[in-house]
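Quick notes on the structure that follows.
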Amino acid sequence: MAAGLHLFASAWALPELIEAAARSGNAQVATDALHRLAEMTQAGGTDFGLGLEALAKIFAKLGIGSRRELHAALANLAQQDQPT
């Protein structure tokens, strides 16, 4: 993002932004969005949020994540009750 430009992005939109930025080769946008998402998910500490963060980390690495990260993401998401 441009210096000094801070746009609001919903926690629900950040994983999509990370994936899109990574797939389009914009690593800086993906990294910035990942940091913003991590601030929220770490503060909440829920399995669902931590799972989203783990998946986002995989996408931020241009979709080439380690099996360990993928399994951690899926394990956290599997433990979460369905969101209402």
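The values are calculated or read from the model by the stated rules, or taken from the named source; none is laboratory data. Computed from a predicted model, the values in this text were never measured in an experiment. In this analysis, Cβ positions are derived from the backbone assuming ideal geometry, glycine residues included, and neighbour counts consider all displayed protein chains.
Couple of notes before you dig in:
- Between 17, 7, 74, the distinction of being surrounded by 14 or more Cβ atoms within 10 Å (Cβ to Cβ) and either at pLDDT below 75 or in a helix (DSSP H, G or I) (or both) belongs to 17 only.
- Every residue from segment 32-48 that is modelled with pLDDT under 90 and either under 19 Å from residue 61 (Cα atoms) or aromatic (Phe, Trp, Tyr) (or both): 48
- For segment 49-64, taking the residues that are at pLDDT below 85 and not aromatic (Phe, Trp, Tyr), the one that is nearest to residue 79 (Cα to Cα) is identified as 55.
- For segment 20-31, the set of residues classified as over 10 Å from the mean Cα position of the chain (by Cα) and in a helix (DSSP H, G or I) consists of 20, 21, 22, 23, 27, 28, 29, listed by residue number.
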